[in-house]
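Below is one structure, written out as structure tokens, with a few remarks after it.
The values are calculated or read from the model by the stated rules, or taken from the named source; none is laboratory data. Everything quoted here is computed from the prediction, not taken from an experiment. So basically every Cβ, Gly included, is an ideal-geometry build from the backbone, and we count neighbours across all protein chains shown. We work out accessible area using only protein heavy atoms, side chains counted, and drop any ligands, DNA or RNA first. Shrake-Rupley method; radii C 1.70, N 1.55, O 1.52, S 1.80 Å.
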Amino acid sequence: MRSAAGSRQFSINIVLSSFMMKRGRKTNEANSSSSEDTTEKESKRHKVVEKKTTVVQSPDWANLLQDIILQVFQYLPLLDRAHASQVCRSWNQVFHMPDLWRCFEFELNQPATSNLRTTHPELIKQIIKRHSNHLQYVSFKSHFISALTVVFVNSKSLSSLKIDDTPVDDPSLKVLVANNSDTLKLLKMSSCPHVSPAGILCVADQCHGLRELALNYHLLSDELLLALSSEKHVRLEHLRIDVVSENPGQTQFHTIQKSSWDAFIKHSPKVNLVMYFFLYEEEFDPFFRYEIPVTHLYFGRSVSKDVLGRVGMTCPRLVELVVCANGLRPLDEELICIAERCKYLSAVGLGECEVSCSAFVEFVKMCGGRLSQLSIMEEVLIPDQKYSLEQIHWEVSKHLGRVWFPDMMPTCTT
């Protein structure tokens, strides 16, 4: 038999062996779990690295939809369009699409240091010539008159033509008329000193479909109004006249006969006659001496009480009146006269003027709710014994049938 000491040693050995076996099992499990975690972390790290190292492919500009390219090209100047068309075949196809050339703004008044100086004029003319037969709506502002000549010679369906600050002349207009007399509906000419009344008369005589015309006052004549009033001509819808003087006393303004205006209105009774005046006070003598069928009247410089008084007596068709400036004398009587005689007046704007609060309330009361636009600076209104600036807001709102406030002069804050 084993001794007691041997039995105890045997039991201890068994317990130690069992403990070591359990410890080894846990260690193996821990090592296995740690290995799995490490493997998973390594996998995630590799995925992140793969994502970071993935090369992003750039878009294929050549395969953009042509409709998108077309819209982008429409915002580009002529030379930029030409350069962009050389990028690829698809862009070049868009460059030659008729839709790109129906509406075109041509402006080449860059300084001599621009890339225009290094661009051969023949290249520009070739580009325009190739696409001019598609042109319908053209806005031209350039001293490069030969480019406009190319448009006139080669275009066949111009509908709208705006020419600004360009040395176009009467022979050029004759070419325009010869090729586009059946399609031209709008002609706007500004700062074209080489065109004479005879040149613009040629346009009116031949372009019987002309519905809108804008020009400087020196091109307006009795003969032109009579030509626009002929039975062959359609009813004009819009006539804009710019009456401009750069230096006081150096420009002589002629007078249009009342009979010419009468014939014109008889033929086109619904025409909007818009007149912009940028004159000095001493130059208004030929104007508003008898009835004139103006509907929209803008005074860009200071205008006298006398002239505004004549406006009330001679402009019964007046719809809109804007006065940017006047002297320091109140316009009470003049506004009352305008309210009495201009029964269609619906829009008024007053800038650097003076009107008593009582006269202004009376003016609004006489015009009533037909005043859809009323823009008056608060500094224009002069308080009197009857109305203060606080009271006039309520009185005017009452007669207009809507809430109204005078305009406030913006102030700078520091």
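Using a probe of 1.4 Å on the protein chains alone, the accessible area found for His393 is around 20 Å². For the range 132-244, relative contact order (Cα pairs under 8 Å, six or more residues apart, normalised by length) works out to 21 percent.
Val244 sits with roughly 50 Å² accessible to a 1.4 Å probe, with DNA, RNA and ligands left out of the calculation. Please work out whether the range 234-388 counts as rounded, prolate or oblate from its C-alpha gyration tensor, where a ≥ b ≥ c are the square roots of the eigenvalues and a/c under 1.5 means rounded, while otherwise a/b larger than b/c means prolate and anything else oblate? Oblate shape, in that a/c is at least 1.5 and b/c is the bigger or equal ratio. About its Cα centre, the range 303-366 has a charge dipole of approximately 240 debye under the convention of +1 per Lys or Arg Cβ and -1 per Asp or Glu Cβ, with nothing else charged. Please label the shape of the range 144-248 as rounded, prolate or oblate, based on the square roots a ≥ b ≥ c of the eigenvalues of the alpha-carbon gyration tensor (a/c under 1.5 means rounded; beyond that, a/b larger than b/c means prolate, else oblate). Cα axes put the range 144-248 in the oblate bin. For the range 339-383 versus the range 201-259, the spacing of their alpha-carbon centroids is 31 Å.
For Arg240, Arg289, Arg211, the ranking by accessible surface with the largest value first comes to Arg289, Arg211, Arg240, using a 1.4 Å probe. Expressed as a rounded percentage, what relative contact order does the range 268-338 have, with Cα pairs under 8 Å and six or more residues apart? Reported as a whole number, the value is 33 percent.
Taking amide H as placed 1.01 Å from N in the peptide plane, the amide H of Ala325 sits under 5 Å from that of Val303, Gly351, Glu352, each at least 5 places away or on another chain. Annotation: amide H of Ala214 within the under-5 Å range of Leu187, Lys188, Met189, Arg240, sequence separation 5 or more or interchain, hydrogens built in the peptide plane. Near Phe140, the amide H atoms lying under 5 Å from its own belong to Phe106, Lys162, Ile163, Asp164; only residues 5 or more places off or on other chains count, and H is placed 1.01 Å from N. Surface composition of the range 212-308: carbon and sulfur atoms hold 47% of the protein heavy-atom accessible area at a 1.4 Å probe. Using Cα pairs under 8 angstrom and six or more residues apart, how large is the relative contact order of the range 207-346, in percent? After rounding, I find 19 percent. Rounded, prolate or oblate: which fits the range 101-287 when a ≥ b ≥ c are the square roots of the eigenvalues of the alpha-carbon gyration tensor, with rounded for a/c under 1.5 and prolate only if a/b beats b/c? Since a/c reaches 1.5 but b/c is at least a/b, the shape of the range 101-287 is classed as oblate. Each Lys or Arg adds one and each Asp or Glu subtracts one; over the other residues with Cβ under 13 Å from the Cβ of Cys192, this totals -2.
Using a probe of 1.4 Å on the protein chains alone, the accessible area found for Met408 is around 120 Å². Measuring against 25 Å, Cα to Cα, the residue pairs Lys258/Lys365; Lys162/Lys270; Lys258/Lys305; Lys174/Lys266; Lys188/Lys232 contain Lys258/Lys365; Lys174/Lys266 as the ones spanning a longer distance.
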